[in-house]
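Every number in this text was worked out from the coordinates using simple rules, so none of it is lab data. All of these numbers come straight from a predicted model, not from anything done at the bench. We place every Cβ from the backbone using ideal geometry, glycine too, and count neighbours over all the protein chains shown.
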Amino acid sequence: MKKLTRRTALGALAGTLAAPSIASAQTTRWRMATSWPRNLPGPGVSAQRLAERIRTMSGGRLEVDVFPAGTIVPAFEVLDAVGGGSVEMGHTAAFYWRGKMPASVFYTTVPFGLGPIDHLAWLEFGNGQALWDELYRSHGVRAFAAGNTGPCMGGWFRNEIRSVADIKGLRIRVLGIGGDVFSRLGATPVTIPAADIITSMQTGAIDAVEFLAPASDLITGVHKVAPFYYAPGFNKPNGTGEALISLKAWEALTPDLRAIVSEACRLEHATALADAAWQNAQALATLVAAHGTRVVFFPEALIDVARPVARELIREIGATSPLAGRIVESYNAMLERSRAWSGLSANMAALLARAQARR
């Protein structure tokens, strides 16, 4: 047996300490396709920030390169790209996939549905995430909440909406079930990517645009051609963004890297909500003071007509499959559970805001 000396002992220790360094130098590189223009306030920023967070938290062992909409795949083909293995990761919104999976809309937002906090509570504690995993599995992806733009505005309109009749015949850019609500009220919903919003308004291809909230809306420039900015955003009370990960790529990760990715998504969701509150406040002030935007409210009659239409659409989605039915049942249970407290807390916030405005 070789005699153990101070020199051989130190050599052995050095080798042991060097092993993790060698392992950590082995880098896995992913490509993330998004549905957003690069660094679009809100979701575009979330995508970039998420990639950077994964790299930092993993010590460089997992690098994620971000590719904005159109650079690898179009905005509305991210799911297929991730599930098919063209890219390992995506950042997008679940309601884009309603043609493939009608119940996917519950993982972004539905009209008169859960707000951001209650939606997250459903995912974390109300079986929402488990149902999400089950829904997406057949498409070869895992999904995580990974950003949130908060409650959305009702949209930008060229002309004032005084009654339900003014909705009829409008060509409006609107996504998700909100598009079906507007359709049943007589409008024509149009699906176009975020990057094409201002051009479509300028050319007259559409008469109105529903996008997100002030910070994201301001950057599109739509305020230049549509002076009426409507609230409330009854069709999108929440703005959850999703990170899609190829099941094959996910299963190839070590357990610690899986934990890093999931926790990075969770952290980005919280950060994005705080960022939305911070940015939207300033953007709204800029829109009103610098650009003359008129913030107006939809007529109550329109809200009263839209609410039962939304409920019927949700029932129809629940009837599309047994899994969709379970998702609707679980989602509605969360709505019922949160109704009293959410209403009370919202009223308290409104009272505080009015009191502060009188100071």
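What to note about this one:
- Orientation-averaged projection of region 191-263 equals 7.1 nm² [convex hull of Cα atoms, one quarter of hull surface area].
- On the principal axes of its alpha-carbon atoms, region 211-335 has extents of 53, 35, 23 Å, going from largest to smallest.
- Size estimate for region 123-202 follows the Kirkwood approach: the inverse of mean 1/r over distinct Cα pairs works out to 15.6 Å.
- Antiparallel bridges, percent of DSSP beta bridges restricted to the chain (to nearest 5): 45
- Here r is the Cβ-Cβ distance between Thr199 and Ser321 and R0 is 35 Å; the resulting FRET efficiency, rounded to 0.05, is 0.40.
- Under Stokes-Einstein, with the Kirkwood radius over Cα pairs as Rh, the value for region 137-263 at 25 °C and 0.890 mPa s is 150 µm²/s.
- Modelled this way, with points 7 Å down the Cα-to-C-beta line, the labels at Ala252 and Ala333 are 3.7 nm from one another.
- Principal axis box of region 82-215, alpha-carbon based, largest edge first, Å: 43, 33, 28
- With the Kirkwood sum run over all distinct C-alpha pairs, region 300-348 has a hydrodynamic radius of 12.3 Å.
- Full-extension gain in nm, Ala290 to Thr56, via 0.36 nm per residue minus C-alpha separation: 80.4 nm
- CD proxy at 222 nm, helix term only [per DSSP H run n ≥ 4: -39500 (n - 2.57); per residue of the chain; nearest 500]: -16500 deg cm²/dmol
- Peptides ranked, highest mean first, by Cβ atoms within 10 Å: ranges 138-146, 123-131, 236-244: 236-244, 138-146, 123-131
- Computed from the C-beta positions of Ser262 and Trp341, the FRET efficiency with R₀ = 35 Å rounds to 0.80.
- Distance-filtered residues of region 31-67 - backbone nitrogen under 13 Å, label point 7 angstrom along Trp278 Cα→Cβ: 42, 46
- The simple Förster model, with R0 at 45 Å and r as the Cβ-Cβ distance, assigns Ile303 and Thr27 a FRET efficiency of 0.30.
- For region 73-147: rounded, prolate or oblate by the Cα gyration tensor [a/c cutoff 1.5]: prolate
- Taken over the chain, the convex hull of the Cα atoms encloses 182 Å³ per residue.
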